[in-house]
Amino acid sequence: MPAWLFLATSLLAPAPQDLPAAAAASTQPPRCRTDTRRRTVWGLARRPALAEYCRRLSRAEARRGEDPKGAEEDARRADALMPGTAAPSVVLGRLAAERGDDEAALVAFRRAEAIAPESVASPVVMLTLARSLSRRGAFSRAAAVYRRLVPRAALMPQPAQRVAVLLEATYVVLEENAGQPEPPPEALAYVREASRVRHHGLELDVAITLALVLDLSGRRAQADAIVSDLRGLRAWAERDRSRYLIHDEDRILLQAWARTQHAPQAAAQAFSAYARDARTTSPFAELAARRAKGSSAAAVGPTGRRGGR
């Protein structure tokens with residue numbers, strides 16, 4: 001079965017109501033999730049380091065945001081207490097990614113996966129891994145992680161997080177397929193699924209991305225119809241909320257899209273600037289060049305006068 005068809009059927013599967021709660025607990029190793037009432041005195045005596053190991057891991061997770069150095073110290077201490085376990089490497093990988101050291105993060109995640117593949121299977125860990133791979137330009141590997149993550153997007157506790165996962169996956173597979181005549185069908189599947197989520201605050205981001213994917217697919221009329229029906233694009237274009245993008249310069253492209261209705265001249269200039277300065281691997285450069293010409297014509301209008309609202 002093609003990957004995109006498997007994805008489409010997976011997206012339709014209902015999610016259990018307790019999935020967010022399961023996600024919250026999934027970063028703990030199974031040995032630390034065991035009910036303490038089931039631990040006998042003799043069992044603890046046989047493995048005296050287990051309680052301290054679990055305590056250190058729990059504290060490392062709790063300190064990640066406010067005290068990353070302390071969290072790293074706890075994770076390394078846990079690793080020393082029970083060498084050959086995967087959980088400390090997972091914590092160290094997340095810490096490395098959060099401080100921007102994606103290379104160290106990937107090394108730690110590879111170590112954890114080699115010990116216990118299930119240790120990197122929780123949604124929060126998979127997302128961190130996928131983002132590190134994307135930032136390193138390993139788009140095929142990142143796309144493979146997102147393909148496993150997207151069917152579990154309902155595990156993310158907030159609607160905005162679920163939508164961010166779907167948007168990130170969309171842009172990653174577009175990067176993976178840069179240079180192809182059309183984007184892969186899964187890109188459209190991801191963004192359409194994002195459009196079904198409600199109350200997340202990224203509605204315009206989803207709509208602009210959907211228009212972008214449709215235009216890349218040769219469906220320009222549909223793309224234009226989507227953008228023409230949107231409201232609030234002027235304010236949206238002025239703020240920066242597109243953290244789901246892999247490359248910061250792609251924000252120029254989305255802002256140009258947002259200006260096509262109320263400021264076609266500014267849109268044409270933005271499209272032209274993007275096409276001129278785009279990285280050689282950009283999947284959007286050719287589209288931006290076409291849009292620059294079209295927006296310029298719209299800005300001038302049939303009578304030769306500058307138009308726009």
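A short reminder: the numbers here are calculations on the coordinates, not readings from a lab. Everything numeric in this text was worked out from a predicted model, so none of it was measured. Please note: Cβ atoms are built from the backbone with ideal geometry, for glycine as well, and neighbour counts cover all protein chains shown.
Qualifying trypsin sites (Lys or Arg not before Pro) in region 57-94, where qualification requires a DSSP coil assignment and no more than 12 other C-beta atoms within 10 Å, are lacking entirely. Once you reduce region 214-270 and region 121-171 to the center of their Cα atoms, the two points are 23 Å from each other.
Under the rule a/c < 1.5 gives rounded, and otherwise a/b versus b/c splits prolate from oblate, where does region 192-286 land using the Cα gyration tensor? Here region 192-286 falls in the rounded category. Extension gain for residue 238-residue 118 works out to 39.0 nm (0.36 nm per residue, less the C-alpha to C-alpha distance). The simple Förster model, with R0 at 51 Å and r as the Cβ-Cβ distance, assigns residue 158 and residue 277 a FRET efficiency of 0.90. Placing a label point 7 Å from the Cα of residue 196 along the Cα-to-Cβ direction, the residues of region 153-167 with a backbone N closer than 13 Å are 153-154.
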